[in-house]
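Worksheet: the structure to be examined is printed underneath.
The values are calculated or read from the model by the stated rules, or taken from the named source; none is laboratory data. All of these numbers come straight from a predicted model, not from anything done at the bench. Protein only, heavy atoms only, side chains kept; ligands, DNA and RNA dropped before computing areas. Shrake-Rupley method; radii C 1.70, N 1.55, O 1.52, S 1.80 Å.
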Amino acid sequence: MIFDPTITINGTISAVSFLFSVGAVVYAWIATRRTNVEERFKAGSDRMDRHETRINSLEQSVKALPTKEDMHQIELGLARLNGAMGRMEAVLEGNQKIMGRLETVVVRHEDHLLNK
């Protein structure tokens, strides 16, 4: 077997060049994958930040809402107010009857004084 250095050098250069080509393809694929993944992570992170902001504003709104006890106190207050209005209605009805009787007395006095 005869040793020919040109064939060995050409083969080595071809192999190294092939390996560099494959390495470049693998690097390009990983780099573009990483860029896509980083973009997707960034978009997901931004979306989560927006969700967190919305959740915080909802929590603040819910904290400002009246509680069950507050609503119960309002109901009790309205019941007391309803009772007071009923008593006022009864008093006003009594006052109207009294005023009707007083008008009758005044009309009688007026008729008596005018006709006599």
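Just the number please: accessible area per residue for the chain, 1.4 Å probe, all protein chains included, in Å².
Working: 11150 Å² over 116 residues.
Accessible area per residue: 96 Å².
Multiplying the sequence separation of R47 and Y27 by 0.36 nm and subtracting their Cα-Cα distance, what value in nm do you get? Please list the in-between numbers first.
Working: separation 20, 0.36 × 20 = 7.20 nm, distance 2.98 nm.
This chain segment gains 4.2 nm when fully extended.
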| Assuming a viscosity of 1.567 mPa s and a temperature of 4 °C, what translational diffusion coefficient in µm² per second does Stokes-Einstein assign to the chain, Rh being the Kirkwood radius over Cα pairs? | 51 µm²/s
| Given a 1.4 Å probe and every protein chain left where it sits, what share in percent of the accessible area of the chain is carbon and sulfur? | 64 percent
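Where does the chain land at 222 nm, in deg cm²/dmol rounded to the nearest 500, when only DSSP H runs of n ≥ 4 count, each adding -39500 (n - 2.57), divided by all residues?
Details: 2 runs with 108 residues, N = 116.
The helix contribution divided over the chain gives -35000 deg cm²/dmol.
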| task | Using 0.36 nm per residue of separation minus the Cα-Cα distance, give me the extension gain between K116 and H72 in nm, one decimal. | result | 9.3 nm
